[in-house]
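Please treat every number below as a calculation from the coordinates, not as lab data. Remember, predicted model here, so these are calculated numbers, not experimental data. FYI the Cβ positions are ideal-geometry reconstructions off the backbone, even for glycines, and counts take in every protein chain you see.
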């Protein structure tokens, strides 16, 4: 029971950022590998499995709010599926230490990109309001 609660608490905490569109895996994978000693490959697999029910709920909510466009959806789904399969294969054959470094680098780049894009968006809004 104690183990269940230890895994339930992060799941609840990570569900909030995932629901906000931040991607719970950004936090889930490091949390599982650092604090729960789960291998990187298994942590990524757990993240992918957790994504299934979350994406179904998100699709239902977006469809209910008429924010779901079916036009061109296959152009997003097909490459996403192909790259998910490729990524899974690569994660399996890459050494765990290297995989951790690659994921860490990806998170750092994502953070820098997020800050950079946020500042560009604010500048664009300020320029529009000045005109």
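Along the Cα→Cβ direction, 7 angstrom out, place labels at residue 49 and residue 101. What is the inter-label distance in nm?
Taking the two extended label points, one gets 3.0 nm.
What FRET efficiency would be calculated for the residue pair residue 92, residue 62, taking the C-beta separation as r and a Förster radius of 30 Å, to the nearest 0.05? If you can, show how the numbers build up before the last one.
Numbers: r = 32 Å, r/R0 = 1.07.
E between residue 92 and residue 62, to the nearest 0.05, is 0.40.
Quickly rank 87-97, 73-83, 28-38 as a protection proxy: mean count of other C-beta atoms within 10 Å, highest first.
Values: 87-97: 11.7, 73-83: 9.8, 28-38: 16.3.
Put in order of decreasing packing, that is 28-38, 87-97, 73-83.
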